[in-house]
1. For region 146-187, what does the alpha-carbon gyration tensor say about shape, rounded, prolate or oblate, given a ≥ b ≥ c as the root eigenvalues, a/c under 1.5 as rounded, and a/b over b/c as prolate?
2. Please report Rg over Rh for region 106-245, where both radii come from the alpha carbon positions and Rh follows the Kirkwood definition.
3. Provide the gained length on full extension for the span Leu228 to Trp180, in nm with one decimal, where the gain is 0.36 nm per separating residue minus the Cα-Cα distance.
4. What are the residues whose amide H is under 5 Å from the amide H of Leu3, where those residues sit 5 or more places off or on another chain and H is modelled from the backbone?
5. Quick check on region 180-236: take the gyration tensor over C-alpha atoms, sort the square-rooted eigenvalues as a ≥ b ≥ c, and tell me if it's rounded (a/c under 1.5), prolate or oblate.
6. Quick check on region 123-194: take the gyration tensor over C-alpha atoms, sort the square-rooted eigenvalues as a ≥ b ≥ c, and tell me if it's rounded (a/c under 1.5), prolate or oblate.
7. Measuring from a point 7 Å past the Cα of Arg113 along Cα-to-C-beta, which residues in region 160-201 have an amide N at less than 16 Å?
8. Can you compute the modelled spin-label distance between Leu134 and Glu64, with each label point 7 Å from Cα toward Cβ, in nm?
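Please treat every number below as a calculation from the coordinates, not as lab data. In this text, all values refer to a predicted model and were calculated from it rather than measured experimentally. Neighbour counts are summed over all protein chains in view; Cβ atoms, including those assigned to glycine, are modelled from backbone coordinates with ideal geometry.
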Amino acid sequence: MTLAADTQASTRSRGLLDDLARVLRAHLPRPRRTTVPDPETPSPEDAVVRALCHDMRSPLASLEAVLGSLDRAPGQTGELLALARAQTAHLSSMLRTADATGGAVQRSRGTRRLCDVLRASVAASGLPRSQLALEVEDGAGDVAVADARVQRILVNLLENAHRHGDGAPVRLRATARAGWVDLAVTQGGVPAERVLQHLRTDRPPADLTGLGLWSVRRQAGELGGRVLWSADGDDFTLTVRLPDR
């Protein structure tokens, strides 16, 4: 049994952003289309580029300003470096979301065990290992994964918990039964209504806020799965249920 789809889916700052957009557009693979797309609805790849250009403008400008001040404010070097590190971490977080959202390779080369995909997703998400509890039910770790979108879904969920969770502990639980695999992420203090609003939208958001959740629902649907949610007190759980084919 394998987690896979049934069929394959077909100013100075301004100059830096333009260069980044060109690089991203050149490297994001584009699916072949048999129909003319609606010009009002951007493709997932275009949505990622637009979101990055929208959201990266401010942190890039701040990073430039901080780096430009290092030699002019020697007494504040430590504080300026801390600000630069914070902006760099924020930019890295954005790029992780972008990488897990657009231009996904539809199938992996060969198959991997789910336990290996889980470990790779945790490593790629930026979420500190000390903040995460990983639980893999007997049998779930050996499920074969033959589609790259499974890891992209996991990275998006974990990166979302990292960026918006204010450091709250995260539990990732994988279970397998009756032909389905559940990948559940639980975290306290999550604004449920805001999360559900992002999941319900059919169009990608203009910025990176909600883009990962929109992508999770889209990619889960492409794999024949669905996204579920539940709340228990302060804990909110988002579950991606995928068919084990």
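1. The shape class here is oblate.
2. 0.93
3. That pair, Leu228 and Trp180, stretches by 16.0 nm at full extension.
4. Here Ala144, Val145, Ala146, Arg245 satisfy the definition.
5. Verdict is oblate for region 180-236.
6. Prolate shape, in that a/c is at least 1.5 and a/b is the bigger ratio.
7. Backbone N within reach: 174-176.
8. So the two model labels end up 3.9 nm from each other.
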